[in-house]
Amino acid sequence: MTGVGFASRPAGRTGEPTVVGSVDRALRLLVLLQESESVSVKDAAEHLGTAPSTAHRLLSTLSSHGFAVQDYMRRYRAGPALSGGTDQVGSTAAPAPSVADCLSDVPVLLAGLPLQFVRLDRGQLRVLSAVNSESLAVVSGAPRTSAPAFVSAAGKAILSRMTNRQIEELYGNGFPSWPGSRIDSLRALKRAMTSVRSSGYATSSYETIPGYTELGVSVNLRDGSAAGALSLWVPSVGADSSALSDYVASLREVASRVAAKK
């Protein structure tokens, strides 16, 4: 025996430095996610001193275990496993503040108009708080407390804060039937989301309650995700189309008040 074989590195230890280095980088990324509102792949690579491909791989691994989530701008933020919250696809889990409490100083343009705060629950909208909604009940026959997100302006506003991948997970099995819906495919929904992201608000006419045009603005958390959305209902007959931008501006003002309570 020459003893050459005994001089080789013990089995199973060859990759140890690489494994330790990967764990170190992952832990540093976790700290960065906790300390930042959101992190891009470039941010992560610069922070770790690695190639973007390495940073992307680490972020993807953290996402698969719930330690990070990717928003609609392809930036990463702390996931539910890190923050202690929930981040189920198709749901906005943040607690809902009372819209009525946020309307103590309503912009004059919105006075008397139906206004609702809604949240996404497994692809369906849930009305959690509302003011001046009596007229909607008269038109629809009963208060509508649930509707598919893709037919409502408020729902579209929430969906616009998701990534295309999250939208595909939510509607991968197709779209539930809904009278008057203009969206019946992922392609149509993604195209609509591009428009909403560009304008910063969503609209819906005759898709939910006849006789009303709905405007929707998302209520965003600091990390860019949607805690829910506000929907404003304006009578379609006799509506002044030139006032649309004013309605949206006033709705955004209210959304900022709601977000400030988070």
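Using a ≥ b ≥ c from the Cα gyration tensor of region 172-262 (square roots of the eigenvalues), is it rounded, prolate or oblate, where a/c under 1.5 gives rounded and otherwise the larger of a/b and b/c decides, a/b for prolate? Mind dumping the intermediate values first?
Working: a/c = 1.93, a/b = 1.12, b/c = 1.72.
Cα axes put region 172-262 in the oblate bin.
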Taking 148-160, 50-62 and ranking on average Cβ neighbours within 10 Å, highest first, one gets 148-160, 50-62
Here the net charge surrounding T54, from other residues whose Cβ is less than 13 Å away from its Cβ (Lys, Arg +1; Asp, Glu -1), is +2
Extension length gain for D121 and S199 (0.36 nm per residue less Cα distance), in nm, is 25.6 nm
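The numbers here are math on the coordinates, done by the rules we state, and not lab data. Everything quoted here is computed from the prediction, not taken from an experiment. We place every Cβ from the backbone using ideal geometry, glycine too, and count neighbours over all the protein chains shown.
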